[in-house]
Amino acid sequence: MPESFDVYLESIERLAARLNGDFEVLVRGSRAAWSHTYRAYAGQVDSTSPLDPVTGQALVSTWQKNIEAEMKKYCERATKPELFFCARLMTPEHLRLLRWNSIETQNSQSRIIAMAVRRIATHAALLYGRKPPGRYDAEYGGVIAKNEQERFARTFLSLLNLAETYFESALYKVGFGLGLQMRVSEKGFRPLEGDFRQLNILTASLDERKHRYFSPFSPVGEFSKASVSVPDPYEGPERDNLGNRVGLFSSHYEIAEDGRSGYRFQAWLLKALEDFLALLNPDLVRDSWDGLGREEFVALLAGLCSLVRAKLEDPERLEAAHVASVVPLTEFEIEGNTLIDSAADHAARRGMRATRGDLKAARDRFLYLSTSTGKEKAREDHLKIDVGDTRYSYLLHKFGKVYMVDLFHADHWLHRPLDLLAEGMKGGKEGRLKGARVEGQVWDFMGTSDKIQRVEALKGIEVRKQGQPFNDLDCPLRVGDTLVLAEVKGKLLDPEVEEVGYEYVKGRWKENLKFLKKIDETAELVAQRHRQPNYKEGMRGIKRILPVVCRPYPEWIPSTEARYWLQEPGENDRGIPRVLTPQELKDFLERLPSPDQVNLPPDYIFETGKQTE
């Protein structure tokens, strides 16, 4: 455990002793934020009538702005690194022992709550905390004078309470985003009877599917069939699962069976990123990244990853990374020759054309994309820091003379450069190339299964109904006597979806319903025409057709109606929707017990041979 932990622990213990364990005074900021919000809307809301979703989300947005204003007041009392490291090191497990009563400590086994609250708190610290002195060189924080300890603890715990309040506000925003109705009064929000159960089921379903089927490529509507993630990549020489491969270390918060918490690693292999970028127009990449080329980007990222891996070979550094989720590097290692040397070694091994001069010229732009410092007012939306952001992280933070490689969901940092790329692929030639690329990737991926057959005879057939545009069969698959028709759609997932904006979710769901209707109609036509010459070979032995929509990113499904699910969600089951990811579809089809035991809901199954057009 870093020595700074003792400083933070002593600070909170001293405050707890002064307050005699009564922390009530530290929730004033949260109460003030709600009080200001309710007063502003008092003339517009009626506590006896439910709010409509648009008004409800507007009210929550105002509440969140007021919470941020309170956060700013508190964060300005301490430096960024001290608040940042205290949020990482002082876990709910430690605070519960100090009698800090909060949703974190009451739900101390919920890693999702802890991850969300700590992410919010660290974002606020990076946005609003005081800049440390230029000479600052503490690797894990802890630079707090004795006479400032109680004041710091008061600041940190007030910030943590505000972060929990912000987390709660986000849940209400989700509820309104899914169209749920709630009443509001001076005491807060109250859902109508039964609404919370559906909200909990749907949000738990999405959260589980997002974590299970996530890849750095999925939010931009891309799909990689490669196995890009290595769990527990390096735990010392005796447990080296990464070997000679280069990966971006990323961590997530985890609670062990004995109740102890910490950060567990995985590594996202850079080979998958390199292969993906090689598919793109080099000019598109340079234009999107303001002159930074794909080889320079990959080489510099690989150089940084190699430096991290080398640091973790020190057992003390490895242990510290598991409790703080950071790896410190010096200013010289990043801004001097060390990073360039490491990047040049990778470029040479991979046969890249990028020279040392190219890498030196590209380093400043790479650091601009990867470092949080100075991003409070970034001109690009994809590079800004936002308190409630769940889509993005930053790979590096610079505190004085020290760079911190932040492993906590480091893979989410990749969304920033990839989103910049995706903006250049909207519509036109690049958009068409992207659509074809994703279809090809999903088709190839399904070919890796021993249980799923790809029906080559049906692929690409144009299915047309008189007077309507045709639909070609993107990905016809077979399991036993069931034909699965997958409509493949690769499209940038707007960052708005992370906020569950009501209008955006409604629009996205409308789009998914359109795709479902399209593939349902296509499946019905194929069922009717199964004996016609174009279909006969591919349909031989098929008794039923299952239509689904395949998208790279897990989608919000704002309804528990059976017709939208292959397997309905419940309180203890995430369910499997009909709009699903390629991996989700593959897993579902491979788990089907046997061809004659396929027992799928009848609402959207089309049996062959009932009629002929």
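Points worth noting:
- Verdict on residue 353 being more than 28 Å from residue 159 (Cβ to Cβ), at pLDDT below 95, open to solvent by 30 Å² or more (accessible area, probe 1.4 Å) and among the basic types (Lys, Arg): yes
- None of 28, 14 is more than 32 Å from the chain's Cα centre (by Cα), in contact (Cβ under 8 Å) with a residue 40 or more places away in the chain and closer than 21 Å to residue 150 by Cβ except 14.
- Residue list for the stretch 300-310, restricted to those being out of contact with any strand residue (DSSP E or B) (no Cβ under 6 Å at 6 or more places or on another chain) and more than 14 Å from residue 367 (Cβ to Cβ): 302, 306, 309, 310
- Residue within the stretch 91-99 that is open to solvent by less than 30 Å² (accessible area, probe 1.4 Å), farther than 24 Å from residue 393 by Cα, among the polar types (S, T, N, Q) and in contact (Cβ under 8 Å) with a residue 60 or more places away in the chain present: no
- Subset of the stretch 100-120 [open to solvent by less than 20 Å² (accessible area, probe 1.4 Å), closer than 22 Å to residue 17 by Cα and free of Cβ contacts under 8 Å to residues at least 60 places away in the same chain]: 105
- Residue match in the stretch 414-425 (condition: in contact with a Phe, Trp or Tyr (Cβ under 6 Å, 6 or more places away or on another chain) and either in contact (Cβ under 8 Å) with a residue 60 or more places away in the chain or open to solvent by 20 Å² or more (accessible area, probe 1.4 Å) (or both)): yes
- Considering residues of the stretch 431-488 that are among the acidic types (Asp, Glu) and open to solvent by 30 Å² or more (accessible area, probe 1.4 Å) only, the residue farthest from residue 587 (Cα to Cα): 462
- Residue pairs meeting the criteria (Cβ under 6 Å; at least 6 apart or on separate chains; first within 12 Å of residue 248 (Cα to Cα) and open to solvent by less than 10 Å² (accessible area, probe 1.4 Å), in the stretch 289-306; second hydroxyl-bearing (Ser, Thr, Tyr) and modelled with pLDDT of 95 or more): 303/342
- Annotation: of all residues in the stretch 585-595 being open to solvent by less than 60 Å² (accessible area, probe 1.4 Å) and outside any helix (DSSP H, G or I), the one that is nearest to residue 547 (Cα to Cα) is 592.
- Among the residues of the stretch 412-460, those that are in contact with a strand residue (DSSP E or B) (Cβ under 7 Å, 6 or more places away or on another chain) and part of a helix (DSSP H, G or I) comprise 438, 439, 442, 443, 446.
The values are calculated or read from the model by the stated rules, or taken from the named source; none is laboratory data. What you see is a predicted model, and the numbers here were worked out from it, not measured in a lab. Every residue, glycine as well, gets a Cβ built from its backbone with ideal geometry; the counts of neighbours run over all protein chains shown. Note: areas computed on protein heavy atoms with side chains; ligands, DNA, RNA excluded. Shrake-Rupley method; radii C 1.70, N 1.55, O 1.52, S 1.80 Å.
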